[in-house]
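Okay, so here's the structure we're looking at.
Derivation of every value follows stated rules applied to the coordinates shown; laboratory data play no part. A quick note: this is a predicted structure, and the numbers were derived from the prediction, not measured. Counting neighbours? That spans all protein chains shown, and the Cβs are built from the backbone with ideal geometry, glycine included.
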Amino acid sequence: MSYNVRVLAARSCFDVVDQGMSLSEVLPKAQALLDNPLDKALLQEICFGVMRYLPQLEAVCGQLMSKPLIKQLRPLQFLLYVGIYQLKFMRIPDHAAISETVDAARELKGQSLTKLINGVLRNVQRQPELFNFATAPAAVQLNHPGWLITALQQAYPQQWQQILDANQQKAPLWLRVNISKINPTDYAAALTRQGIEYTRPVAGLPAAIKLAQAQDVTSLPGYAEGWFSVQDAAAQYAASLLDVNSSQHILDACCAPGGKTCHILELAPEAELTALDKETKRLLRVHENLARLGLNANVIAADAAEPDSWWQGKLFDRILLDVPCSATGVIRRHPDIRWLRKKADIAVLAELQQRILRQCWSLLAPGGTLLYATCSVLPAENSEQIEQFLQQHSDAKLDRLPQQHANQQYGWQLLPGEQDMDGFFYARLKKMTNNEKA
Ligand SMILES: C[S@@+](CC[C@H](N)C(=O)[O-])C[C@H]1O[C@@H](n2cnc3c(N)ncnc32)[C@H](O)[C@@H]1O
């Protein structure tokens with residue numbers, strides 16, 4: 001059976017926006033129904049695009065229809081967004097975008113609506129002024145929910161627009177060369193031999209390579225041999241900021257899918273590392289990554305905030321807490337996040353983060369280091385967490401990051417798009433020894 005890309009796109013967007021499922025969950029399943037890699041890529045491009053421009057697509061429909069389609073017709077409303085997105089933002093010829101979308105409507109049991117859909121799309125084609133949003137609410141002009149725009153304006157009076165712009169961009173593909181297997185310069189040469197264009201733009205990250213174009217990573221040199229991993233450059237700072245070596249006992253308390261776990265072990269292959277995550281299913285990816293890269297860790301499915309259920313009684317020299325967060329720093333990679341995340345989620349996440357931090361702190365050896373990390377840009381999950389924690393723990397002190405990695409009082413906030421990296425936050429805490437406390 002052959003599947004229609006536009007039908008799958010409309011259903012996937014409906015599942016995200018109306019059913020609250022994530023695109024990372026929905027899209028791979030929809031792509032698995034398609035044989036042609038070009039169709040898989042097209043499906044992703046359309047779904048990402050609809051998520052990036054949802055308010056404007058809704059607003060355009062609002063100008064052309066008396067009311068949106070409801071109940072069992074909702075997927076057809078999303079099909080309209082799919083059609084309009086193609087007309088406005090993609091280089092698909094208009095006649096093909098319109099006829100393919102109308103054909104898709106028939107498959108979505110919208111036989112009686114083909115005239116309406118055709119009419120809406122033809123109007124969009126003829127009236128570019130429908131996309132003039134100069135007087136529209138900020139949420140429509142900026143394609144983000146109002147609460148997030150306000151939060152960013154408050155936190156970043158100078159940079160909020162730059163953050164919103166970065167969220168609308170396509171994220172690049174970054175690799176991290178596995179230095180325990182191959183020298184980054186030799187790996188770069190292997191890319192050149194295959195005619196793959198890249199840059200190595202971040203001076204402090206020698207293993208980071210940015211590809212000029214998205215690729216099927218399994219066909220890059222050395223995939224099966226574990227010569228590299230896919231990891232945004234911002235996330236590649238974690239292992240070095242944690243300052244690891246092979247003699248240490250290390251905890252990676254929120255480890256799945258294992259990007260940072262593997263990086264730590266590439267830098268400190270003999271370290272005794274416990275990799276923990278609450279989600280058993282996500283730990284499968286950790287096992288796969290460790291196996292492909294030839295690394296070893298003690299992988300445990302457990303709750304980091306309940307150490308009594310898993311801790312073996314030996315304090316850790318290093319702890320990485322890459323805590324669950326709003327992921328507001330990685331919206332360019334996951335454009336659906338802005339619709340899935342609600343304002344009320346932030347306080348719930350902040351409370352969970354503080355609980356994990358408090359519980360894991362008790363497992364850190366005196367003199368040991370804990371690195372707190374999020375892919376959020378919201379102070380409530382970042383600097384405010386560290387400030388609150390330091391106020392409540394007299395045995396904790398802020399271990400200042402090197403100057404180039406410390407732009408805030410309580411840590412380092414990378415904003416999305418800076419050097420083409422994701423938004424990330426790092427803060428390093430040190431546990432005082434008895435001598436230091438005295
Ligand atoms: C930001 S992700 C970690 C990414 C990972 N460090 C990496 O680099 O690949 C956060 C992880 O925390 C896990 N998590 C959420 N709550 C947890 C808890 N209470 N205890 C342990 N893990 C938890 C989630 O399942 C998720 O895998």
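By the count of other C-beta atoms within 10 Å, a proxy for reagent exposure, Phe48, Phe228, Phe89 are ordered fewest to most as Phe89, Phe48, Phe228. Measure nothing but the geometry: give the 0 to 90° angle between the long axis through the Cα atoms of 343-361 and the longest principal axis through the Cα atoms of the chain, rounded to 10°. It is inclined by approximately 20 degrees. Within the chain, the percentage of alpha carbon pairs spaced more than 34 angstrom apart rounds to 39%. Proximity of backbone amide H atoms, modeled 1.01 Å from N, is registered between Val299 and Ala275 at under 5 Å, excluding neighbours fewer than 5 places apart on the same chain. Across all directions, the average projected area of the convex hull around the alpha carbons of segment 233-437 is 11.4 nm².
Residue by residue, segment 291-306 carries 3J(HN,Hα) couplings of 5, 5, 8, x, 10, 10, 8, 8, 9, 10, 8, 6, 8, 4, 7, 10 Hz when phi is fed to the Karplus relation 6.51 cos²θ - 1.76 cosθ + 1.60 (θ = phi - 60°); x denotes Gly or Pro. Rounded to the nearest 10 degrees, what's the angle between the helix 37-52 long axis and the longest principal axis of the chain, both from Cα atoms, 0 to 90? Here the helix axis deviates by roughly 90 degrees. Cα centroids of segment 211-241 and segment 315-352: 22 Å apart. With N denoting the number of residues in segment 5-142, provide Rg(C-alpha) divided by 2.2 N^0.38 Å, to two decimal places. After normalising by residue count via 2.2 N^0.38 Å, the value is 0.99. Over 22 Å apart at the Cα level, from the set Lys67/Lys115; Lys88/Lys170; Lys40/Lys181, are Lys40/Lys181. Put in line by how crowded their Cβ is, counting other Cβ atoms within 10 Å and starting with the fewest, Tyr53, Tyr223, Tyr81 read Tyr223, Tyr53, Tyr81.
The helix-based estimate of mean residue ellipticity at 222 nm for the chain, built from -39,500 (n - 2.57) per DSSP H run of four or more residues and divided by its residue count, is -13000 deg cm²/dmol to the nearest 500. Hey, what angle do you get for helix 383-392 against the long axis of the chain, alpha-carbon based, 0 to 90 degrees rounded to 10? With rounding to tens, the tilt is 30 degrees. Take the Cβ atoms of Ser219 and Lys281, set R0 to 30 Å, and the FRET efficiency comes out at 0.65. Using the Cβ-Cβ distance between Asp308 and Ser24 with R0 set to 25 Å, the FRET efficiency works out to roughly 0.20. Straight-line cross-link reach from Lys437 at under 14 Å between alpha-carbon atoms covers these aspartates and glutamates, not counting any fewer than eight positions away in the same chain: Asp395.
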